[in-house]
Amino acid sequence: MKRINTYLWPTIIAAALAIGIFLGGKLNFNDSPERLFTTNSKKDKLNRLIDYIDYEYVDDINTDSIVDITVNNILEKLDPHSVYIPKKEMSRVADNMKGDFVGIGINFYAYKDTISVIRTIDNGPSFKKGIKAGDRILMADLDTLYGKNLGSGTIVKKLKGKKGTIVNLKVYRKEEDKIFDVKIKRDLVPIKSVEAYYMLTEDMGYIKVNRFAETTYREFDAALKELTKQGAKKLTLDLRDNPGGYLGVAEEMADEFLKDGKLILFTKNKKGKIDKIFASEKGKFEDKPVYVLINERSASASEIIAGALQDNDIGTIVGRRSFGKGLVQREMELGDGSAVRLTVSRYYTPTGRSIQKTYENGNKDYYKKFTERYSNGELMSADSIKVADSLKFKTPKGKIVYGGGGIIPDIFVPIGTNEEEAIKSMDSYGILSYFVFEHLDEDRKRYEDYTQQEFISDYKVDDILFENFVEYAMARNLKMNFYDFEDSVKLYLKAALAEQLYGANIYAKIKSTKDAMLLKVLYLDTPTLSQETEGEINDAESN
């Protein structure tokens, strides 16, 4: 989850003001400073301090900002995952965790000061009204949306609204060189947490989950049912880079793989109360092979699923050691539109292990230890992962597992080279996507004759497109030896094209052909794998 930056200096100023008030004793309040600091509750102290600053301080001070900073500073002293959500952030955070919002259903870029549609959401309001990729939205009602330096947040506010309300758009379609008006009724637009799903092999499905929101289980359940219809008797569940979310959603998903009565996890609060969560009889994928992919950015709810399956000797965990978050937060409103997510308990995997990293030396040290994984070699070799014998646990079948800092996978897959990770970063930060948008914007018709399957099997990124991207990247000071990794760059360019032309499933399917973890899964699942394919795995791991 996203942390809000905090700064200590204004808090020090506030504390200094409090001391000055105490020593001066010249305020026109009924209660003396002595009474404030001796007989009132801690809450009264803070309330009165804010009142003093509001009414008596020599300069006008924005006490709202002081309160925000003070709250953040208090929470920072507790643990790294108790966080404050200001009022202005609540709507965005709520939409993200709810899994949908009310809008017109487009993905867009602010391209050359104009709102340019990348894709419309399938069956969403804009899709139904014929809005196409490449269309420019010039106006929304009477608001001009071009020629301005509008931030994406401002644009979203103008396009969002109450469900059922109408927004009048003025749209320019470049390929037809025409401007037209269209009325769109705002409706619920999903924010998908099941990012992609497809058949990895004839009998193995693949599902990528990017977070655990309110709608995640429903999305997962629908994807699993569809893959089962297509013949999936095995599953690869991809939780890489998944930071977590709702605990209950993780419990529901884990239940699909565990038999009735199996322990999923248990939690313990400050009073020592233990709550145990057991699997029910509803599991639809019990007694079937499952592979769970995790990496160093898989956290929280992702670790609950990985830990539940690993401790029950179900499936195979593949990848690298997960983040190590074993704390449970509850969101609590503060009465002014803001809220706090406060840690209320710890969770433990079925064998009794806590996978929470230590934070006894503060938040800065906590996150520093995470980044140190990149330098201490553990992302390259499982032998570099430091484990403590005191945190050793045993599963029912005798497998040794460890607590204290994440889920260690059953099968280790090293991180790629710096260059390979740089290519992935260009993808995740949208550089490849932005380049591809400009490329398609020049002439989309060149791709019209490809079916999805033909694009996957037949289309190849040519040298001209590759050279254009290298020039584009270097003009933006992105420096790496592109030519040594030409095949990887071309693969990512093809995937980015597929995403904008056909959607996330085809994008994920194309990338899977050179994905070291997925290739490892195929190797594990196929004992008779040829030496040639084994060589591809080694190449993917080294590149």
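Quick note: the coordinates plus some simple rules give every number you see, no bench work behind them. It should be emphasised that the depicted structure is a prediction, and the values quoted were computed from it without experimental measurement. Positions of Cβ are generated from backbone atoms using ideal geometry, with glycine treated the same way; all protein chains shown enter the neighbour counts.
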Segment 118-258 shape via C-alpha gyration tensor axes, a/c threshold 1.5: prolate
How high is the relative contact order of segment 418-542? Use alpha-carbon pairs under 8 Å, at least six apart in sequence, and give a whole percent. 25 percent
Could you derive backbone 3J(HN,Hα) for segment 468-479 from the dihedral phi with the Karplus parameters 6.51, -1.76 and 1.60 (θ = phi - 60°), listing whole Hz in sequence and x where the residue is Gly or Pro? 4, 5, 4, 4, 4, 5, 5, 5, 9, 6, 8, 10
Taking Lys399 as the anchor, which aspartates and glutamates have their alpha carbon closer than 12 Å to its alpha carbon, excluding any fewer than eight residues away along the same chain? Asp311, Asp313, Asp410
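I'd like the FRET efficiency for Arg92 and Asn168, computed as 1/(1 + (r/R0)^6) with the beta carbon distance as r and R0 of 30 Å, rounded to 0.05.
The computed FRET efficiency comes out at 0.75.
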Check: segment 418-542 dipole with +1 on Lys, Arg Cβ and -1 on Asp, Glu Cβ, in debye: 380 debye
Taking neighbour counts of Cβ atoms within 10 Å as a proxy for exposure, in what order, fewest first, do Lys234, Lys98 appear? Lys98, Lys234
Could you give the length gained by full extension between Tyr111 and Glu421, i.e. 0.36 nm per residue of separation minus their alpha carbon distance, to one decimal place? 108.9 nm
What length, rounded to one decimal in nm, is gained on full extension from Arg330 through to Ile400, with 0.36 nm per residue of separation minus their alpha-carbon distance? 22.0 nm
Under 19 Å from Lys129, Cα to Cα: lysines that are on another chain or at least 8 residues apart: Lys158, Lys160, Lys162, Lys163, Lys170, Lys174, Lys178, Lys183, Lys185
Computed FRET efficiency, Cβ-Cβ of Glu175 and Asn62, R0 41 Å: what is it to the nearest 0.05? 0.25
Explain nothing, just the number: relative contact order of segment 153-224, from Cα pairs under 8 Å at least 6 residues apart, as a whole percent. 22 percent
For Cα pairs less than 8 Å apart in space and 6+ apart in sequence, what is the mean separation divided by the residue count of segment 282-329, i.e. the relative contact order in percent? 48 percent
Order these by the 10 Å Cβ neighbour count, fewest first: Val71, Val344, Val413. Val344, Val71, Val413
Taking the structure as given and computing percent of Cα pairs over 47 Å apart, which label from [x] 11; [y] 26; [z] 21 fits? [z]
Lys128: which aspartates and glutamates have alpha carbons under 17 Å from its alpha carbon, excluding same-chain residues fewer than 8 sequence positions away? Asp181, Asp187
Can you compute the FRET efficiency between Thr513 and Lys233 using 1/(1 + (r/R0)^6), with r the Cβ-Cβ distance and R0 = 25 Å? Round to the nearest 0.05. 0.70
Cα-Cα longer than 19 Å, checked against Lys192/Lys509; Lys87/Lys325; Lys284/Lys397; Lys208/Lys511; Lys42/Lys77; Lys43/Lys270, kept in input order, equals Lys87/Lys325; Lys284/Lys397; Lys43/Lys270
Want the number for Leu142 to Asp51: 0.36 nm per residue separation, take away the alpha-carbon distance, what's left? 28.5 nm
Backbone N under 19 Å from the Arg476 label point (7 Å along Cα→Cβ), restricted to segment 130-165: 134, 150-153
Loop sites only, by DSSP: take the GluC sites (Glu not before Pro) in the chain that have at most 11 other C-beta atoms within 10 Å and name the longest stretch containing none of them. 1-201
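Quick check: from the Cα gyration tensor, does segment 418-542 come out rounded (a/c under 1.5), prolate or oblate?
Oblate shape, in that a/c is at least 1.5 and b/c is the bigger or equal ratio.
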Restricting to bridges with both residues inside the chain, how much of the DSSP beta-bridge set is antiparallel, in percent to the nearest 5? 75 percent
With +1 on the Cβ of every Lys and Arg and -1 on the Cβ of every Asp and Glu, the dipole magnitude of the chain about its Cα centre, in debye rounded to the nearest 20, is 1920 debye
If each residue's Cβ is checked for other Cβ atoms within 10 Å, how do Thr316, Thr526 rank with the fewest at the top? Thr526, Thr316
Explain nothing, just compute: Karplus ³J(HN,Hα) = 6.51 cos²θ - 1.76 cosθ + 1.60, θ = phi - 60°, for every residue of segment 458-467 in order, whole Hz, x for Gly and Pro. 10, 6, 10, 5, 7, 5, 5, 5, 4, 5
